[in-house]
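Data first, discussion second: the structure below is written as structure tokens.
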Amino acid sequence: MRQWPNPFIEQRADPYILRHGDQYYFTASVPEYDRIEIRRSPTLEGLRDAEPVVAWRKPDVGPLSRLIWAPELHNIDGKWYIYFAATHTHELDRLRMFQHRMYVLECTDADPLTGHWTNRGKFETPYDTFALDATTFHHQGKQWYCWAQKAPDIDGNSNIYLAELENPWTLKGDPVMLSHPEFEWECVDFKVNEGPAALVHGDKLFITYSASATDENYCMGLLWIDKDADPLKVENWHKLPEPVFKTNYDNKQFGPGHNTFTETSDGEVVMVYHARNYSEIVGDPLYDPNRHARLKMIHWDKDGMPIFGVPPADTY
């Protein structure tokens with residue numbers, strides 16, 4: 001079974017790896033929350049030692065001037081885009097929540113590491129509320145946008161939404177809510193569904209997501225739908241009532257989550273996620289820098305469902 005050093009890249013939360021052409025690209029939240037870095041390597045293993053390049057740095061003031069979270073690099077119809085969340089303040093709003101909104105950067109050149117990035121502005125959704133963790137994927141000949149957002153009429157921090165894209169910075173039609181925090185393990189300290197990641201495998205489309213507070217209670221849930229079913233019909237979706245990936249005390253792995261997926265050069269599915277190797281956090285977990293990026297192979301049962309297993313122990 002293929003394994004990688006654990007941690008794979010230290011102090012990089014919300015990790016994302018894109019395999020595009022003959023290259024791998026890595027983005028993640030940096031501890032300072034002040035910039036977006038990209039690493040590139042011809043091999044998955046090589047990302048670990050690849051030199052980070054700063055693609056974009058936050059301005060000193062304005063709506064994108066604080067807490068740059070969870071950047072993802074995507075190539076859509078031959079052009080490069082970065083989706084991320086940002087806010088104008090560290091202060092919480094009247095609901096005691098951060099005030100993030102989602103934004104899109106577009107690269108005007110062919111090389112995302114050396115090209116100029118243009119801000120396409122705030123990503124508009126039906127609600128002007130706390131929003132974050134946007135991802136996009138191609139499925140059934142369409143480009144989809146999936147994200148987490150606070151609904152004014154639903155208790156809790158965020159739910160998972162899905163919509164088709166008109167273009168990389170504009171929704172097409174009305175979004176649907178795929179999941180909201182309802183089980184006990186989704187509501188520890190905070191009622192959270194966030195960090196969606198899509199994966200098509202076999203005859204199913206899967207969306208993983210993360211739940212609860214970002215300490216040792218953080219864990220992952222799973223949604224799935226038949227590959228040919230209409231993703232905008234909520235009744236077509238299924239949701240597991242138990243987490244699929246969670247803290248493992250024996251291996252000293254705490255709060256695994258905010259995962260994404262990539263693949264090996266042989267096409268094997270690899271989960272990218274973050275976790276800490278301790279649970280004693282001083283202060284707000286969001287400001288603890290030691291959520292490290294990690295990799296794990298995904299296996300499959302006879303029904304084509306993913307087997308996530310447990311987060312493996314550190315190897316050094």
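Taken together, the values in this text are just the output of simple stated rules run on the coordinates, not laboratory data. All values reported here derive from a predicted model rather than from experimental measurement. Neighbour counts run over all protein chains shown; Cβ positions are idealised from the backbone, glycine included.
The table below gives the values:
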item	result
Per-selection Kirkwood Rh - region 39-90 (Cα, Å, 1 d.p.)	13.0 Å
Approximate shape of region 143-219 as ellipsoid semi-axes (Cα gyration tensor, √5λ), whole Å, largest first	23, 16, 10
Asp203/Ile154 FRET efficiency (R0 30 Å; Cβ-Cβ; nearest 0.05)	0.45
Where only C-alpha atoms are counted, convex hull volume of region 202-286 per residue in Å³	130 Å³
Built amide H within the under 5 Å cut-off of Ser212, gap 5+	Val188, Val192
Along principal axes, Cα extents of region 1-46, largest first, whole Å	33, 25, 13
The chain - percent relative contact order, Cα under 8 Å, separation 6 or more	16 percent
Evaluated at q = 0.11, 0.12, 0.15 Å⁻¹: base-10 log I(q)/I(0), Debye formula over Cα of the chain	-0.63, -0.76, -1.30
Rounded to whole Å, sorted largest first: equivalent-ellipsoid semi-axes of region 1-128, Cα gyration tensor	27, 18, 13
Long-range HN-HN contacts of Ser179 with modeled amide H, under 5 Å	Ile160
Rg ratio (alpha-carbon, reference 2.2 N^0.38 Å) - region 55-201	1.06
Cα gyration tensor category, rounded, prolate or oblate, for region 277-316 with a/c compared to 1.5	prolate
Candidate lysines - alpha carbon under 16 Å from Lys172, same-chain residues fewer than 8 apart omitted	Lys122, Lys142, Lys233
Taking N as its residue count, the alpha carbon Rg of region 159-316 over 2.2 N^0.38 Å	1.07
